[in-house]
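The structure appears below as structure tokens.
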Amino acid sequence: MKPARALCIPVILGTVRQGRMSLPVARLLASELTRRPGIETELIDIARLPLRVDDAGEATKDPTFSSVMSRADALVVVSPEYNHGYSGLLKHVLDSCLKEYVHKAVGIVGVSAGPFGGTRGIQDLVPVLRELGLVTIFWDVNFSSVQRVFDESGSLRDQAYLPRIDQFLKELVWMARTLRHGREHIALG
Ligand SMILES: Cc1cc2nc3c(=O)[nH]c(=O)nc-3n(C[C@H](O)[C@H](O)[C@H](O)COP(=O)(O)O)c2cc1C
């Protein structure tokens, strides 16, 4: 039997803020994905996208971002909490694609300085992702008081995050496989 094609699961770093603590979080998620067999990942830093802010929606589509979204089977979105919501530029980037996302899985990793691990931003992001055609999983990872979770070199201090990430990724990979099977073998209607 032909070996299954690797699942493509990029990690989107959802903020451009200087000094962002979401960066070590996104790197950790990408590294945990890399350790799993049969998965390809890459870190998409929205600060490095040629982001047009004189337009909105698919008119701002970046061909490279669009092609990674087309290839993806699932996404990990690292979403910092800003004033009890998600980052505006994260939404601006997500809004630039549409058909690329349909029937693909997504998991959200919330990041906050406060005690709630980005949950308020996550709650608001879920209906946005649903409208984009993505299928959200029922696990999140929540990094609360994130300034204490990593050391100066960006290494994880609190190992308790690893089993939570493992559970989250197991669910995401299951959903990614299931939806890939559906996209490839099950007709709509
Ligand atoms: C504009 C802005 C609003 C913020 N609002 C919140 C908030 O509502 N709740 C919270 O816990 N942290 C808040 N923070 C702190 C961020 O959650 C914190 O910086 C965290 O590290 C995640 O964001 P970062 O990746 O930009 O570092 C806010 C930060 C900024 C820049």
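The values are calculated or read from the model by the stated rules, or taken from the named source; none is laboratory data. This is a predicted model, so every value here is computed, not measured. Methodologically, a virtual Cβ is constructed for each residue, glycine included, from the backbone with ideal geometry; neighbour enumeration extends over all protein chains shown. Remember, those area values only see protein heavy atoms, side chains included, never the ligands or the DNA or RNA. Shrake-Rupley method; radii C 1.70, N 1.55, O 1.52, S 1.80 Å.
Can you give me the span-like helices of the chain, meaning DSSP H runs with 24 Å or more of Cα extent along the axis and Kyte-Doolittle mean at or above -0.5? Correct list, ordered by number: empty.
Ranked by solvent-accessible area (1.4 Å probe, protein heavy atoms only, all chains present), the residues 12, 39 order from largest to smallest as 39, 12. Its relative contact order, with pairs defined as Cα atoms under 8 Å and 6+ residues apart, puts segment 7-185 at 22 percent. Considering only 11, 135, 126, the Gaussian network model of the chain with Cα springs below 10 Å gives its largest mean-square fluctuation to 126.
Note on the chain: GNM, Cα springs under 10 Å; of 119, 41, 64, the largest mean-square fluctuation is that of 64. Taking label points 7 Å from Cα along the Cα-to-Cβ direction, residue 53 and residue 151 give a separation of 3.6 nm. Ligands, DNA and RNA left out, the accessible area of the chain computed with a 1.4 Å probe is 54% carbon and sulfur. Per residue, the chain reaches -11500 deg cm²/dmol at 222 nm when only DSSP H runs of four or more residues are counted, each adding -39500 (n - 2.57). Taking every DSSP beta bridge that has both ends in the chain, the antiparallel portion is near 10%.
By the gyration tensor of its Cα atoms, with a ≥ b ≥ c the square roots of the eigenvalues, what is the shape of the chain: rounded for a/c under 1.5, prolate for a/b over b/c, or oblate? Judged from the Cα gyration tensor, the chain comes out oblate (a/c at least 1.5, b/c at or above a/b). When the residues 100, 42, 184 are ordered by accessible surface, computed with a 1.4 Å probe over the protein chains alone, the sequence from largest down reads 184, 42, 100. Backbone N atoms of segment 61-92 closer than 14 Å to the 7 Å Cα→Cβ label point of residue 98 belong to residues 61.
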